[in-house]
Amino acid sequence: MSDYPEARFLTSANAVSQFVEDSGAEVAVAGRSNAGKSSAINVIVNRRQFARTSKTPGRTQLVNFFSLAANQRLVDLPGYGFARVSDAMRRHWGELLTDYFQSRESLKGLIQVVDIRRQLTDFDRDMLAFAESVSLPVHILLTKADKLKRGQRSKSVLEVKKALGERASVQPFSALTRDGEAEARAKLHEFLSRSD
């Protein structure tokens, strides 16, 4: 049973004017195009095909708003770093994300999806910088943890924690085995409950 039985898709936005009303609380989810972002969202919300998954990385090309409960939203940001898109489209996304992070009073936290086998890339660090620029708390999901043996997984988590220090909380996660599901959902609750 989902913690969010009323969860539903609201709208996709390609411009600031298309964003939903800036009220209540929302948490953004970001990640490289092939890091398993949609699968992670589906497991956390506990709804199959809630966020559309695709075998082709980079399918999320708009800012997608989902209602989770009254005055609580999850926002799926465009995947970055891999999608075969034009430079013009890349620039547009950069401007759109800058506007998103700087304009949303209701934005309470960022869940950043990183493939545990790839570690932090420059694109991931850029996204962290977006969040830091507006003093937004960040939680890193190191996805595809099932692809590594336990020792390698622990080593990767430690390396990311060491690289980030106090800048973000970090956890291993697997959409396949649902490892880390409860911790990730608790972090989503925590962010949505922030009162500042």
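The values are calculated or read from the model by the stated rules, or taken from the named source; none is laboratory data. The shown structure was predicted, so the numbers you read here are calculated from the model rather than taken from an experiment. No Cβ is skipped: glycine too gets one built from the backbone with ideal geometry, and neighbour counts run over all protein chains shown.
Just to verify a result, which residue in segment 169-187, among those that are small (Gly, Ala, Ser) and part of a helix (DSSP H, G or I), is farthest from Phe66 (Cα to Cα)? Quick ask: steps written out before the conclusion?
We begin by selecting, within segment 169-187, every residue small (Gly, Ala, Ser); these are 169, 174-175, 180, 182, 184, 186.
Imposing the further condition that a residue be part of a helix (DSSP H, G or I) reduces the set to 182, 184, 186.
On the way: Ala182: 20, Ala184: 17, Ala186: 18 Å.
Among residues in segment 169-187 that are small (Gly, Ala, Ser) and part of a helix (DSSP H, G or I), the one farthest from Phe66 (Cα to Cα) is Ala182.
Here are Ile116, Ile140: which of them is at pLDDT 95 or above and under 11 Å from the mean Cα position of the chain (by Cα)?
On the way: Ile116 fails: under 11 Å from the mean Cα position of the chain (by Cα).
Result: Ile140 is the single residue among Ile116, Ile140 that is at pLDDT 95 or above and under 11 Å from the mean Cα position of the chain (by Cα).
Can you go through Thr98, Thr60 and tell me which one is outside any loop (DSSP other than H, G, I, E, B), among the β-branched types (Val, Ile, Thr) and either at pLDDT below 90 or surrounded by fewer than 14 Cβ atoms within 10 Å (Cβ to Cβ) (or both)? Give the derivation first.
Details: Thr60 fails: outside any loop (DSSP other than H, G, I, E, B).
Answer to the check: Thr98.
From the set of residues in segment 115-135 that are without any contact (Cβ under 8 Å) to a residue 40 or more places away in the chain, not in a helix (DSSP H, G or I) and not β-branched (Val, Ile, Thr), which is surrounded by the fewest Cβ atoms within 10 Å (Cβ to Cβ)?
Per the criteria, the residue is Ser135.
Hey, Ile111 hits all of (1) touching a His at 6+ places or on another chain (Cβ under 7 Å); (2) at pLDDT below 95; (3) not charged (D, E, K, R) but one; which does it fall short on?
That leaves (2) as the condition not met.
Looking at (1) of a type in the set (Gly, Ala, Ser); (2) at pLDDT 90 or above; (3) closer than 24 Å to Arg118 by Cβ, can you tell me which one Ala83 breaks?
Ala83 satisfies all of (1) of a type in the set (Gly, Ala, Ser); (2) at pLDDT 90 or above; (3) closer than 24 Å to Arg118 by Cβ except (2).
For segment 160-196, which positions are at positive phi and surrounded by 15 or more Cβ atoms within 10 Å (Cβ to Cβ)?
Filtering segment 160-196 down to residues at positive phi leaves 165, 178, 180.
Scanning segment 160-196 gives a single hit, Gly180.
Can you tell me which of Glu6, Glu26 is farther than 25 Å from Arg118 by Cα, at pLDDT 80 or above, surrounded by 22 or more Cβ atoms within 10 Å (Cβ to Cβ) and in contact with a strand residue (DSSP E or B) (Cβ under 9 Å, 6 or more places away or on another chain)? Reasoning before the result, please.
Values: Glu6 fails: surrounded by 22 or more Cβ atoms within 10 Å (Cβ to Cβ).
When all the criteria are applied, what remains is Glu26.
Within segment 104-113, work out how many residues are more than 14 Å from the chain's Cα centre (by Cα) and surrounded by 13 or more Cβ atoms within 10 Å (Cβ to Cβ).
The initial filter retains those residues of segment 104-113 that are more than 14 Å from the chain's Cα centre (by Cα), namely 104-106.
Pick out the ones that are also surrounded by 13 or more Cβ atoms within 10 Å (Cβ to Cβ) and you get 104, 106.
Of the residues in that region, 2 qualify.
May I ask you to say which residue of Glu190, Glu159, Glu166 is assigned to a helix (DSSP H, G or I), free of Cβ contacts under 8 Å to residues at least 40 places away in the same chain and not aliphatic (A, V, I, L, M)? Write out each step before concluding.
Details: Glu190 fails: free of Cβ contacts under 8 Å to residues at least 40 places away in the same chain; Glu159 fails: free of Cβ contacts under 8 Å to residues at least 40 places away in the same chain.
That would be Glu166, the only listed residue that is assigned to a helix (DSSP H, G or I), free of Cβ contacts under 8 Å to residues at least 40 places away in the same chain and not aliphatic (A, V, I, L, M).
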